[in-house]
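First the structure, in the form of structure tokens, and then the observations on it.
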Amino acid sequence: MSGAILRRRDQTNRPLRVDHYSAAVNILEVLNVSSGQNVATSYVFPTLIEPETYDVGATIEILAKDVSVYANEVWNGNSPNAVGALVNKICTDMEKEMPGADWSRMYPFIRDGGEG
């Protein structure tokens, strides 16, 4: 089973492993019964990303443009923007590497190493 190594250890002091799918489902369950629920947790991830259909219907170019507008406005306002700058870089990199791709392919893009 492929999985991420967790910092917590089992009784034999070995790192615990968690299956990415199971972890995602558990996280979504927690978010969807809390104030963290949103369209991504209740629709996009379970309907388009888990089954790997990736068909939101909007291209990465649309998302990259919107994120770029946001990032530029924050930059012009001299406000802190570490997360926004990283998201902007990821969108720009994905746009270059996967032109015309549905923006929901952001998940496998980052999972497979396109982390900006």
Net lengthening on full extension, residue 68/residue 53 (0.36 nm per residue, minus Cα-Cα): 2.8 nm
Linear extension gain, residue 34 paired with residue 96, 0.36 nm per residue minus alpha-carbon span: 18.7 nm
Residues residue 43 and residue 75, FRET efficiency given R0 of 22 Å [Cβ-Cβ distance, rounded to 0.05]: 0.10
For segment 66-112, alpha-carbon Rg over 2.2 N^0.38 Å: 1.23
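Readers should treat all values here as calculations from the given coordinates under stated rules, not as data from a laboratory. Note that the structure is predicted; figures quoted are calculated from it, not measured. All Cβ positions, glycine included, derive from the backbone under ideal geometry; neighbour counts span all protein chains shown.
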